[in-house]
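Structure first, commentary second.
The values are calculated or read from the model by the stated rules, or taken from the named source; none is laboratory data. All values derive from a computational prediction rather than experimental measurement. Virtual Cβ from ideal backbone geometry, glycine too; neighbours counted across all protein chains shown. Note: accessible area is taken over every heavy atom of the protein model, side chains too, but ligands, DNA and RNA are not part of it. Shrake-Rupley method; radii C 1.70, N 1.55, O 1.52, S 1.80 Å.
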Amino acid sequence: MMIENCLLSLGIDKIFTITVDNASSNDVAVNYLRKKFSPRKSCIANGKYLHMRCMTHIVNLIVVEILKEMNKSVARVRGAVRYVRQSPTRLKRFMERVEVEKIDCKKILCLDVCTRWNSTYLMLDTAQNFERAFERFEEQDTKFRAELELGEGWPTIEDWSSVRNLRDFLEHFYEVTLRVSGTSYVTSNNFFDELTEIDILLRDAQSSVDIDFSVMAMKMKDKYDKYWGDIDKMNMLIFVACVLDPRQKLNYLEFALSEMYNSEKSSEVMQKLKDTLFELYDEYKPRISSDCGRTSEGKTAFVNDPQQKVKRRIKNLYKRRVIENGGEDQTSELDKYLGKATENHDDGFVILLWWKVNSPRFPALSKMAKEVLAIPLSTVASESAFSTGGRVLDQFRSSLTPKMVQALMCAQDYIRNSSTEEEIKKIEEQIQELDKIDNDSSWNALDPTLNS
C-alpha cells in the first residue's frame, strides 16, 4: 500500500515493469500492485509482464557458489592483504618490496567485503599481481607468517594458482554486471547476449580437465537453471527487447536458442516469444491507430470549403482504414519489420536513434520499442543512488558538514558525467599520488628517527 500511495502521489498511474531482486517480499508487493493497477488498465496485458527479476542479483547467487568452493584459498589471500593494510608502516614496507621485485602495477591493495563478491574479485585481481612481493615481505617480517597461521594459514603456490584461475573466471561475471548496470545506454536488448555468454562460460567450465573446477561449474549451472532454465519463470519481455533490436530480430534468437537448449525446448521458447510479441503489438496498435484517427479528424475542421472538406474527410477515412489494416498490402508493421533485413553490427550503432528515424514507418512498433527498451535489467544503479551518501559519509569522515558532503557528491557526479574514461583514469592516478604523499607525511610524523 505504501508503494502504491507513493506512486500515486508522484502522479505515476501507469506501470510497465518493476525490476526487483528475488526476495519473497518483492513477489508479494508486485502481486499487490498488479491486483490494484490492472483493473484501471494501467498495465500492459493486465500486468502479466510486470515482474522483472534483477539480473545482477541472479548473477550474484550463481557466483556465490564458486566462492563457497574456493573459500580457503580466498581466505588465505584475504588474511595476507588484511595484515599488510593493518598499519601505514606495514604498507610502506610492503611497497618497498614491490619496488625491489620491480612489479609494474599501479593498483593499491584493497580489502574486500566478504558479502560482496565483486569486491572480492577486485581484491584478488589486485593481490595476484603482488605474489612475489608477499613472499619477500614474509622473509623480512617474522610475525607475518606466524599471525596468518593462527587463522586460515599462509597462501601457498597452489592457493595463488587457484586465485588466478578464480580471478579469470570471475572477470566474465564482473564485466557482465557492469554492462547490465549501465545507466547511460539501453541495456534490455543486451540481456540475451549476456545470458548466452554465461551459459557458454558455464558449459566450458563443466568440461574442464580440473575435476574440482568442473564440479563447481555444475553447481553453478544448477543455480543458473533454477532461474533461467525454466521458461515459465522468465519475463518474455527480455526476449522481445532482443527482437526489437534491428541487428538481431527473430532469426538470431532462433539460432542462439537452438545452441543453448534442445530442439523441443528451443521451439517452445520461440513459440511463446512469438505469442508474446504479437500480443504486445496488439496492445499498441489500437492506441496508435486511434491517435492517428483523432489527428486526421482534427485537421479537417480547419478546411473552410465544404466541397474540399468532404474530399479531405474521405481521404482521411481511407488513410485511417489503411493504418488499421496495417498498410495497403494488408501486412502489419510487425511483419514488415521482421521481414526487413537486419542491420550491421557497427560499434557506433544507436538503437534509440534507429527507432526515432524509423518511427514514421513503424509508428506502433516504435512506441512499443521505446517502452520495452527502457526496462532496466538491474537494480544496482537505483540502489547505488540511495547509498551514495553512505559511501561519502563513512566512519572515517563522520565530522564532515552537510555542505561538504553535498560538494563531494556533486563533484563525483560531475567527474563521472563530464569526463572520458581516460580522463577519469588520470584523475584516479592523481588521487592515488596524493594519497601516497599523505601517507608518506603520516609515516614521517610517526617515525621519531626522521624528526630528530
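Out of all the residues in the stretch 46-71, which are touching an Asp or Glu at 6+ places or on another chain (Cβ under 6 Å) and part of a helix (DSSP H, G or I)? Talk me through it step by step, then tell me what you get.
Step one: of the stretch 46-71, the residues touching an Asp or Glu at 6+ places or on another chain (Cβ under 6 Å) are 54, 57.
Answer for the stretch 46-71, where residues must be touching an Asp or Glu at 6+ places or on another chain (Cβ under 6 Å) and part of a helix (DSSP H, G or I): just H57.
Can you tell me which residue in the stretch 131-169 is farthest from I103 (Cα to Cα), limited to those that are open to solvent by 40 Å² or more (accessible area, probe 1.4 Å) and aliphatic (A, V, I, L, M)?
Of the stretch 131-169, the ones open to solvent by 40 Å² or more (accessible area, probe 1.4 Å) are 132, 135-136, 138-140, 142-143, 145-147, 149-152, 156-158, 161, 164-165, 167-168.
When the remaining residues are screened for being aliphatic (A, V, I, L, M), the result is 146, 150, 157.
Values: A146: 25, L150: 29, I157: 18 Å.
Applying the filter and picking the extreme gives L150.
Only one of these conditions is not met by I231: (1) crowded, with 18+ Cβ neighbours inside 10 Å; (2) touching a residue at least 40 places away in the same chain (Cβ under 8 Å); (3) not aromatic (F, W, Y). Which number is it?
Answer for I231: the failing condition is (1).
Might you check whether a residue that is within 24 Å of L352 (Cβ to Cβ), free of Cβ contacts under 8 Å to residues at least 40 places away in the same chain, surrounded by fewer than 18 Cβ atoms within 10 Å (Cβ to Cβ) and not hydroxyl-bearing (S, T, Y) occurs anywhere in the stretch 267-276?
Just the residues of the stretch 267-276 that are within 24 Å of L352 (Cβ to Cβ), to begin with: 273, 276.
Remaining after also requiring free of Cβ contacts under 8 Å to residues at least 40 places away in the same chain: 273.
Those left that are additionally surrounded by fewer than 18 Cβ atoms within 10 Å (Cβ to Cβ): none.
Among the residues of the stretch 267-276, not one is within 24 Å of L352 (Cβ to Cβ), free of Cβ contacts under 8 Å to residues at least 40 places away in the same chain, surrounded by fewer than 18 Cβ atoms within 10 Å (Cβ to Cβ) and not hydroxyl-bearing (S, T, Y), which makes the answer no.
Go through (1) of a type in the set (A, V, I, L, M); (2) open to solvent by 70 Å² or more (accessible area, probe 1.4 Å); (3) within 30 Å of K340 (Cα to Cα) for M218 and report which single condition fails.
(3)
Quick one: in the stretch 175-193, of everything that is surrounded by fewer than 19 Cβ atoms within 10 Å (Cβ to Cβ) and over 22 Å from L353 (Cβ atoms), which residue is modelled with the lowest pLDDT?
Here the answer is L178.
Looking for whichever is modelled with pLDDT of 80 or more, of a type in the set (D, E, K, R) and more than 30 Å from V59 (Cα to Cα) here; the options are K403, K370, K426, K436. Which one fits? Show your work before the answer.
Values: K370 fails: more than 30 Å from V59 (Cα to Cα); K426 fails: modelled with pLDDT of 80 or more; K436 fails: modelled with pLDDT of 80 or more.
None of the other options fit; the residue is K403.
For the stretch 1-18, enumerate the residues that are of a type in the set (S, T, N, Q) and farther than 26 Å from L280 by Cβ.
Of the residues in the stretch 1-18, the ones of a type in the set (S, T, N, Q) are 5, 9, 17.
N5, S9, listed by residue number.
So T388 clears everything in (1) among the hydroxyl-bearing types (S, T, Y); (2) modelled with pLDDT of 70 or more; (3) in contact with an Asp or Glu (Cβ under 9 Å, 6 or more places away or on another chain) except one condition, right? Which one?
(2)
When the stretch 277-306 is examined, which residues are found to be open to solvent by less than 40 Å² (accessible area, probe 1.4 Å), at pLDDT 55 or above, of a type in the set (A, V, I, L, M, F, W, C) and farther than 20 Å from D193 by Cβ?
Selection gives L280 alone.
Of all helices (runs of 4 or more DSSP H) completely enclosed by the stretch 98-199, which ones contain at least 3 residues that are within 21 Å of the chain's Cα centre (by Cα)?
Once the helices (runs of 4 or more DSSP H) in the stretch 98-199 are filtered for at least 3 residues that are within 21 Å of the chain's Cα centre (by Cα), what remains is 117-127, 157-180.
Against the condition open to solvent by less than 30 Å² (accessible area, probe 1.4 Å), among the acidic types (D, E) and either under 24 Å from T177 (Cα atoms) or part of a helix (DSSP H, G or I) (or both), how does D27 come out, does it pass? I'd like the intermediate steps shown before the answer.
Working: open to solvent by less than 30 Å² (accessible area, probe 1.4 Å): no; among the acidic types (D, E): yes; either under 24 Å from T177 (Cα atoms) or part of a helix (DSSP H, G or I) (or both): yes.
Against the criterion (open to solvent by less than 30 Å² (accessible area, probe 1.4 Å), among the acidic types (D, E) and either under 24 Å from T177 (Cα atoms) or part of a helix (DSSP H, G or I) (or both)), D27 does not qualify.
Can M234 be described as in contact with a helix residue (DSSP H, G or I) (Cβ under 7 Å, 6 or more places away or on another chain) and modelled with pLDDT under 90? Can you show your working first?
On the way: in contact with a helix residue (DSSP H, G or I) (Cβ under 7 Å, 6 or more places away or on another chain): yes; modelled with pLDDT under 90: yes.
Criteria met by M234.
What is the number of the single condition among (1) closer than 30 Å to I238 by Cα; (2) within 26 Å of the chain's Cα centre (by Cα); (3) part of a helix (DSSP H, G or I) that F37 does not meet?
The single condition F37 does not satisfy is (2).
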